[in-house]
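First up is the structure itself, then whatever we jot down about it.
The values are calculated or read from the model by the stated rules, or taken from the named source; none is laboratory data. What you see is a predicted model, and the numbers here were worked out from it, not measured in a lab. All Cβ positions, glycine included, derive from the backbone under ideal geometry; neighbour counts span all protein chains shown.
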Amino acid sequence: MQEQQLRVGLIGAGKMGADHALRLQERISGVRLAAVADPDLDRAQQVAGSCGARAAADAFEVIDDSAVDALVIASPGAVHEPLLLAAVERGVPVLCEKPLTPDAKSSLRVVEAEEARGKHLLQVGFMRRFDAEYAELKRLLDAGDLGTPLMLHCVHRNAATPPGFTSEMMIYDSVVHEFDTARWLLDSEIAAVEVRAPRSSSEAPEGLLDPQLVTIETTSGALVDVEIFVNCGFGYQVRCEAVGERGTALIGAEGGPLVHGGGRWGGFISDDFRDRFGAAFDREFQRWADAARQGRTDPAAASAWDGYAAAAACEAGVRAQKDEARAEVELVERPDFYTHT
Ligand code: ISE
């Protein structure tokens, strides 16, 4: 059966939104970008124009548009809650860039709204779940090849930060990915978080605690250490080594062409996460679109519950950083509605 094209409304035409517009237009099949909303109408028009979509300044105009079947939300996290609530009320599938919302209370309101609607509509854009190497690591762990997982050693480095990037953002904008991948890889909630910092790099902007060392305890009794270093200077790097009772597995080690030249040998490293995770974003979007056309969410993706759990872990992380003490994660009981998502 030939299914209809999915008409997508994009909310947010900034760096991520523009990248997703291009993705939808050029690399995802079975979809058409129908509308783009951004408070900066010129920006919306620029992104929409190249795809023949209509532009609006008001996001709710696009959410309520009957010519839009599904939504991609790529606006700043601080404005997500009302957008998500309106989308749930209309009953349209949504792929929402991380974070679901910036704090656990508002994320829980979104979770409750979706549960009350009684239909899985929301996915959170934790794209690492769609990265080929992460997926293989998950498969190894689930198959039991490494034995019971005991630890994850994670490295998360960015070349440089944009202006205004704060020490707290290193937790809720960057380490949020490790909170999600730790929960997903280890099939466990996060129990507590600790944050320590060495002396800051002299390359870090004034006042930024960079790097930081985050320790995550899971309810299954595993420990996860994360080096978050967002002004490392040399490029974008994400690694994860799982240590199990019977073996270890490392992902994110350098691959690609080995170049000899100029008196040196080595490989290339990009400084942009959109390169490192480009294929993962593509896979995430294709699977989301395919599922949305069939009126469901992708079971491989992060659900609204996962978005809420990540927000709660981030809150604990920021508390741990401020108080320089171990902070426990506060989570409500997981509703049955989310047991199999
Ligand atoms: C950014 O928002 C991302 O999501 C990237 O994946 C992460 O590496 C970076 O630290 C964040 O600022």
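Just a few scattered comments:
- The residues listed here are ALA59, ALA21, ALA44; of these, the one that is over 30 Å from THR181 (Cβ atoms), in contact with a strand residue (DSSP E or B) (Cβ under 7 Å, 6 or more places away or on another chain), buried (at least 19 other Cβ atoms within 10 Å of the Cβ) and not hydroxyl-bearing (Ser, Thr, Tyr) is ALA44.
- Any pair with Cβ under 8 angstrom, 6 or more apart, that starts in the stretch 212-227 at a residue that is surrounded by 19 or more Cβ atoms within 10 Å (Cβ to Cβ) and ends at one that is part of a strand (DSSP E or B) and among the hydroxyl-bearing types (Ser, Thr, Tyr): VAL224/THR215; VAL224/THR218; VAL226/THR215
- Within the stretch 248-291, if we keep just the residues that are closer than 30 Å to ILE28 by Cβ and in contact with a His (Cβ under 9 Å, 6 or more places away or on another chain), the residue that is farthest from the ligand (Cβ to nearest atom) turns out to be PHE285.
- Answer from ALA325, ALA310 - the residue that is at pLDDT 95 or above and surrounded by 21 or more Cβ atoms within 10 Å (Cβ to Cβ): ALA310
- Residue that is farther than 17 Å from GLY307 by Cβ and within 15 Å of the ligand (Cβ to nearest atom), where the choices are GLU217, GLU168: GLU168
- Filter pass, ASP298 being out of contact with any Lys or Arg (no Cβ under 9 Å at 6 or more places or on another chain), of a type outside the set (Lys, Arg), more than 16 Å from the ligand (Cβ to nearest atom) and under 30 Å from VAL94 (Cα atoms): no
- Residue satisfying all of: in the stretch 24-37; out of contact with any Gly (no Cβ under 9 Å at 6 or more places or on another chain) and aliphatic (A, V, I, L, M); surrounded by the most Cβ atoms within 10 Å (Cβ to Cβ) among these: VAL31
- Taken over the stretch 97-131, the criterion of being within 24 Å of GLN294 (Cα to Cα) and hydrophobic (A, V, I, L, M, F, W, C) is satisfied by LEU100, VAL110, VAL111, ALA113, ALA116, LEU121, LEU122, VAL124, PHE126, MET127, PHE130.
- Some residue of the stretch 220-239 being modelled with pLDDT of 95 or more, away from the ligand (no atom under 12 Å from the Cβ), charged (D, E, K, R) and over 17 Å from the mean Cα position of the chain (by Cα): yes
- Extreme residue, farthest from the ligand (Cβ to nearest atom), among residues of the stretch 171-201 that are over 19 Å from VAL238 (Cβ atoms) and among the polar types (S, T, N, Q): SER188
- Residues considered: ALA289, ALA304, ALA320. Of these, the only one that is more than 16 Å from ARG128 (Cβ to Cβ) and in contact with a Phe, Trp or Tyr (Cβ under 8 Å, 6 or more places away or on another chain) is ALA304.
- Hits in the stretch 280-307 (condition: surrounded by fewer than 18 Cβ atoms within 10 Å (Cβ to Cβ) and of a type in the set (A, V, I, L, M)): ALA300
- So LEU140, is it within 16 Å of ALA242 (Cβ to Cβ), at pLDDT 95 or above and in a helix (DSSP H, G or I): yes
- Residues in the stretch 60-87 that are charged (D, E, K, R), under 11 Å from ALA35 (Cα atoms) and touching a helix residue (DSSP H, G or I) at 6+ places or on another chain (Cβ under 8 Å): 1 in all.
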